[in-house]
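Down below is the structure, laid out as structure tokens.
The values are calculated or read from the model by the stated rules, or taken from the named source; none is laboratory data. What you see is a predicted model, and the numbers here were worked out from it, not measured in a lab. Neighbour counts run over all protein chains shown; Cβ positions are idealised from the backbone, glycine included. For the accessible areas, the whole protein counts, side chains as well, though only heavy atoms, and no ligand, DNA or RNA atoms are used. Shrake-Rupley method; radii C 1.70, N 1.55, O 1.52, S 1.80 Å.
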Amino acid sequence: MLNAALQEFAENGYEQASTNQIVKHAGIGKGMLFYYFKSKKELYQYLIDYAINIMTKEFLSLIDVSEPDFIDRLRQIASVKLKFFNENPSVTNFIGSVYLADEVKLPVHLQKQLTDLQSYGYSMLYENIDPTLFRDDINVDKAFRLIRWSIEGYQNELTNEFKGKQIASVDLDPYWEEFYEYLDVLKTSFYK
């Protein structure tokens, strides 16, 4: 039932998602769905909390913060993220659609959870990083910022490109390849 709901919301957004389609794909009666969830909104909010917990346990907890190379850490995070995506496409597509959606006003606690998830992910970028890998003629803090801005800019560009699209139908492989190429350029530019 949860996978059917995750997929339906990811593909159609909150407003267009159909509880009829969810129960059809889950192979259950509509009464069963509403036995557990009083409304479509309650189901949607439950799924956000569920997806955040899964991402925290099965994605963020697998990131090795002992990797001292900042750009290799980015590459490792991307690899873990890709593995998570392949194993949990419904969760990934759903949470991506939540971040891209403007259509639903979420309760404060869910907005905070989403913000905290993003902040926690960003904090994992900088823990235990070895600044001596950077060229001597570069201010490391400014390099961190430039690299972060580059990654954020790339993410924002993708977010704008994917807005209004069904994230589940986008082939992400070319974007991953492009991301790795950008990491190589950053390493060449900033490292000794």
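Data for the structure
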{"item": "Residue identified as in contact with a helix residue (DSSP H, G or I) (Cβ under 6 Å, 6 or more places away or on another chain) and on the phi < 0 side of the Ramachandran plot among Ile48, Ile28", "result": "Ile48"}
{"item": "Enumeration of residues in region 137-183 that are charged (D, E, K, R) and either within 20 Å of Lys83 (Cβ to Cβ) or touching a Lys or Arg at 6+ places or on another chain (Cβ under 9 Å) (or both)", "result": "Asp171, Asp173, Glu177, Glu178, Glu181"}
{"item": "Residue list for region 117-140, filter: among the β-branched types (Val, Ile, Thr) and over 16 Å from Asp72 (Cβ atoms)", "result": "Ile138"}
{"item": "Residue within region 32-53 that is of a type in the set (Val, Ile, Thr) and farther than 20 Å from Gln118 by Cβ present", "result": "no"}
{"item": "When residues of region 161-192 are limited to those that are at pLDDT below 85 and surrounded by 12 or more Cβ atoms within 10 Å (Cβ to Cβ), the one farthest from Asn12 (Cα to Cα)", "result": "Trp176"}
{"item": "From the options Phe94, Phe34, residue that is modelled with pLDDT of 90 or more, surrounded by fewer than 17 Cβ atoms within 10 Å (Cβ to Cβ) and either farther than 24 Å from Trp149 by Cα or charged (D, E, K, R) (or both)", "result": "Phe34"}
{"item": "Search result, residues across region 56-89 that are open to solvent by 20 Å² or more (accessible area, probe 1.4 Å) and under 22 Å from Ser169 (Cα atoms)", "result": "Ser79, Val80, Lys81, Leu82, Lys83, Phe85, Asn86, Glu87, Asn88, Pro89"}
